[in-house]
Amino acid sequence: GESVGLHLPTLSVQEGDNSIINCAYSNSASDYFIWYKQESGKGPQFIIDIRSNMDKRQGQRVTVLLNKTVKHLSLQIAATQPGDSAVYFCAENAGGSYIPTFGRGTSLIVHP
Amino acid sequence: DAGVIQSPRHEVTEMGQEVTLRCKPISGHDYLFWYRQTMMRGLELLIYFNNNVPIDDSGMPEDRFSAKMPNASFSTLKIQPSEPRDSAVYFCASRRGLLNTEAFFGQGTRLTVV
C-alpha cells in the first residue's frame, strides 16, 4: 500500500523576524517540558525547559510559554538567524518515571 | 565531558545480518534511553535503563531487538536478524536523575538495511 510520510509542519521566516513555534501536549499530568533543537545530521539538543508551576520562562533569545488549561506550549525565538534553521521538538516528561515523550516536530527555515 | 558517544555513526548492512549499536552515556548519568527516528513515526522511545537495569522495553518493536547495559558506561542495542524496515536513525540519550532534568542525546547511528 501507499506509505504516508511524516509531513512536518514548516515555518518559514526572514532573518531578523521573530518566530513562534507551537506544540500541543497530550498528558495533563505532565509537569516538566523541554524544547529541543535538531539540526540536520545531529541529535536533538536542549534549548530551554519549563516546569508546570510556571507559565513563562526566558532564555537567551528564546522564551517558552506554557498554557496548562489548553495543554499548549510555544517557543518564541527573537531576531531569528539562519543558524536557527532546524527541526524543533517539544518533549513532555510524563508518567511516574518522567520519560521524555516527543511531539512530531516543526521545521523552521530562516531565509537570509 | 565529551557528551553521549554513539558508534558507529553510519551502518549499512544486508538484510538478515546482525547489527549492534553502541552507546557511552555521560559519566554520572543514571538514566539511559534508546530512541529510533524515522520520517514515518518521528522519535520513538524503544527502551530505557535506570542504574543499568532495563525498566521499560515496551517500545521495542519485536523480539529481533534487544538491548543491554552491562555497566554504567556502556549500552548496546542489537537487531538480529535485521530487516529493511529497521532502517532509521537510532539515538542514545542519558540523563542524571528523575525529576526536572533534560536528556542529552548522542549524534545518532544512521542504519541502512538493504
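The values are calculated or read from the model by the stated rules, or taken from the named source; none is laboratory data. Worth saying up front: this structure is predicted, and the values here are computed from it rather than measured. A quick note on method: Cβ atoms are made from the backbone with ideal geometry, for glycine too, and the neighbour counts reach across all protein chains shown. We work out accessible area using only protein heavy atoms, side chains counted, and drop any ligands, DNA or RNA first. Shrake-Rupley method; radii C 1.70, N 1.55, O 1.52, S 1.80 Å.
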Hits in segment B:5-63 - residues which are without any contact (Cβ under 8 Å) to a residue 60 or more places away in the chain and among the hydrophobic types (A, V, I, L, M, F, W, C): B:W34, B:M39, B:M40, B:L43, B:L45, B:L46, B:I47, B:F49, B:V53, B:I55, B:M60
Residue within segment B:80-88 that is touching a helix residue (DSSP H, G or I) at 6+ places or on another chain (Cβ under 9 Å), more than 19 Å from A:P100 (Cβ to Cβ), more than 14 Å from chain A (Cβ to nearest Cβ) and open to solvent by less than 50 Å² (accessible area, probe 1.4 Å) present: no
Neighbours by Cβ (under 7 Å, 6+ apart or cross-chain): first from segment A:24-44, within 23 Å of A:T69 (Cα to Cα) and within 11 Å of another protein chain (Cβ to nearest Cβ); second open to solvent by 50 Å² or more (accessible area, probe 1.4 Å) and not polar (S, T, N, Q): A:D31/A:R51; A:Y32/A:R51; A:I34/A:F46; A:Y36/A:F46
Any hit, segment B:1-20, residues being modelled with pLDDT of 95 or more, at the interface with another protein chain (Cβ under 9 Å from one of its Cβ atoms), outside any loop (DSSP other than H, G, I, E, B) and surrounded by 12 or more Cβ atoms within 10 Å (Cβ to Cβ): yes
Residues of segment B:79-102 satisfying the condition of being in a loop (DSSP other than H, G, I, E, B) and modelled with pLDDT of 95 or more: B:Q80, B:P81, B:S82, B:E83, B:S87
Test: residue in segment A:60-73 that is surrounded by fewer than 19 Cβ atoms within 10 Å (Cβ to Cβ), outside any strand (DSSP E or B) and within 14 Å of another protein chain (Cβ to nearest Cβ): no
All positions within segment B:47-59 that are within 14 Å of chain A (Cβ to nearest Cβ) and either open to solvent by 50 Å² or more (accessible area, probe 1.4 Å) or not in a strand (DSSP E or B) (or both): B:N51, B:V53, B:P54, B:I55, B:D56, B:D57, B:S58, B:G59
Failed item, numbered, when B:T76 is tested on (1) open to solvent by less than 50 Å² (accessible area, probe 1.4 Å); (2) within 22 Å of A:I34 (Cβ to Cβ); (3) assigned to a strand (DSSP E or B); (4) among the β-branched types (V, I, T): (2)
Strands (runs of 3 or more DSSP E) wholly inside segment A:1-50 that include at least 3 residues being among the charged types (D, E, K, R), at pLDDT below 90 and farther than 30 Å from B:P25 by Cβ: none
